[in-house]
Amino acid sequence: MSVLVVGSINADVTVRASRIPGPGETVLGNEARTSPGGKGANGAVAAALAGARVSMVGAVGDDAFQEVALSGLRRAGVDLGGLRTLDAPTGLALITVSDAGENAITVASGANARLTPAHLPADCAGFTHLLLQQELPPAITLEAARRASAAGLTVLLNAAPTRDTAPELLSLTGHLLVNEHELAALAGEGDFEASARALLQRGPQAVTVTLGGAGSLTVTAQETHRLPAHPVDALDTTGAGDTFCGVLTARLSHGDRLEAALRWAGIAAALACTRPGAQDAMPTWAEVLRESGR
């Protein structure tokens with residue numbers, strides 16, 4: 001039931017507009033709002049809300065955005081003993097959300113880019129699962145996976161955003177999570193299931209492909225799970241994938257079987273789409289249970 005998250009911590013600045021602007025185009029939007037974000041922090045908050053005991057390793061700057069960036073983690077009760085305040089700006093994500101609920105995001109990494117393996121905890125004692133993403137420098141992500149794997153933790157890697165993923169990192173990953181674009185970057189264009197199964201040959205024991213409104217596909221050497229999306233009226237998809245990853249990690253840490261954990265993750269991610277923001281939109285475990293009909 002103990003999850004370690006090594007990942008990014010950002011403040012999000014979000015503007016809602018009629019549509020996502022194209023290259024060179026200016027689109028008028030509504031008022032900007034600031035809220036906590038970062039793929040690492042998002043996953044940590046989602047996992048904590050789903051009932052896991054979560055510790056976060058990450059970095060912020062000593063600036064005006066620090067409190068915004070940390071507010072969601074503190075509210076969710078995430079342990080911040082691994083937090084570092086570095087000589088760099090707090091990470092910032094500039095987000096445009098269209099009236100159709102889609103988003104476009106540009107990230108200024110700031111302090112996140114200054115994290116190194118030296119900032120990792122000395123050991124992984126007391127944890128069962130490690131959740132990683134790809135917003136931090138590759139060196140710290142890979143070293144975190146090495147230490148966790150050596151200590152017997154299950155490593156979950158959300159290979160987002162798309163960047164070069166070291167073969168060694170994949171070999172240390174127990175459960176790989178990608179969307180269809182990240183899947184194509186890792187395995188090439190083609191049938192989703194065939195591509196996911198090809199990635200199994202590179203190390204992971206499970207590969208999950210999140211497909212938005214089409215649900216999710218998960219393959220292991222023994223099983224295939226195709227789960228439909230939980231039906232909701234989407235308002236803002238920001239953070240939905242991070243919610244899925246965090247809740248899946250939390251439920252696996254609780255001992256849920258894979259298919260059940262995937263179902264809970266799908267419901268939580270869908271609920272996160274019904275409210276604006278990333279961490280601010282994530283549902284509590286009570287809300288997920290209520291939405292499931294229990």
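The values are calculated or read from the model by the stated rules, or taken from the named source; none is laboratory data. What you see is a predicted model; the values in this text were computed from it and never measured. Don't worry about glycine lacking a Cβ; one is built from the backbone with ideal geometry, like all the others, and counts go over all protein chains shown.
Assorted remarks:
The rows are residues; the columns are (1) at pLDDT 95 or above; (2) buried (at least 24 other Cβ atoms within 10 Å of the Cβ); (3) among the hydroxyl-bearing types (Ser, Thr, Tyr); (4) closer than 26 Å to residue 146 by Cβ.
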{"site": "166", "(1), (2), (3), (4)": "yes, no, no, yes"}
{"site": "179", "(1), (2), (3), (4)": "yes, no, no, yes"}
{"site": "203", "(1), (2), (3), (4)": "yes, no, no, yes"}
{"site": "234", "(1), (2), (3), (4)": "no, no, no, no"}
{"site": "238", "(1), (2), (3), (4)": "no, yes, yes, no"}
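- Residue in the stretch 135-151 that is assigned to a strand (DSSP E or B), under 18 Å from the mean Cα position of the chain (by Cα) and buried (at least 20 other Cβ atoms within 10 Å of the Cβ) present: no
- Unique match (being under 24 Å from residue 14 (Cα atoms), hydrophobic (A, V, I, L, M, F, W, C) and at pLDDT below 95) among 100, 108: 100
- Every condition in (1) free of Cβ contacts under 8 Å to residues at least 60 places away in the same chain; (2) assigned to a strand (DSSP E or B); (3) within 20 Å of the chain's Cα centre (by Cα) holds for residue 113 except the one numbered (2).
- Residues of the stretch 148-199 that turn out to be hydroxyl-bearing (Ser, Thr, Tyr) and in contact (Cβ under 8 Å) with a residue 60 or more places away in the chain, as a count: 1
- Single condition residue 3 does not satisfy, out of (1) under 27 Å from residue 265 (Cα atoms); (2) modelled with pLDDT under 95: (2)
- Considering the stretch 78-100, and only residues there that are over 21 Å from residue 43 (Cβ atoms) and touching a residue at least 60 places away in the same chain (Cβ under 8 Å), the residue that is surrounded by the most Cβ atoms within 10 Å (Cβ to Cβ) turns out to be 96.
- Residues considered: 90, 85. Of these, the only one that is closer than 19 Å to residue 239 by Cβ, of a type in the set (S, T, N, Q) and in contact with a strand residue (DSSP E or B) (Cβ under 9 Å, 6 or more places away or on another chain) is 90.
- Test for residue 82: is it in a strand (DSSP E or B), farther than 24 Å from residue 271 by Cβ and not acidic (Asp, Glu): yes
- Residue match in the stretch 59-67 (condition: at pLDDT below 95 and either within 22 Å of residue 241 (Cβ to Cβ) or surrounded by 16 or more Cβ atoms within 10 Å (Cβ to Cβ) (or both)): no
- Residue match in the stretch 47-68 (condition: over 26 Å from residue 265 (Cα atoms), touching a residue at least 60 places away in the same chain (Cβ under 8 Å), in a loop (DSSP other than H, G, I, E, B) and of a type outside the set (A, V, I, L, M, F, W, C)): no
Condition check ((1) under 18 Å from the mean Cα position of the chain (by Cα); (2) assigned to a helix (DSSP H, G or I); (3) not small (Gly, Ala, Ser)) across all residues:
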| site | (1), (2), (3) |
| --- | --- |
| 251 | yes, yes, yes |
| 256 | no, no, yes |
| 265 | yes, yes, no |
| 275 | yes, no, yes |
| 283 | yes, no, yes |
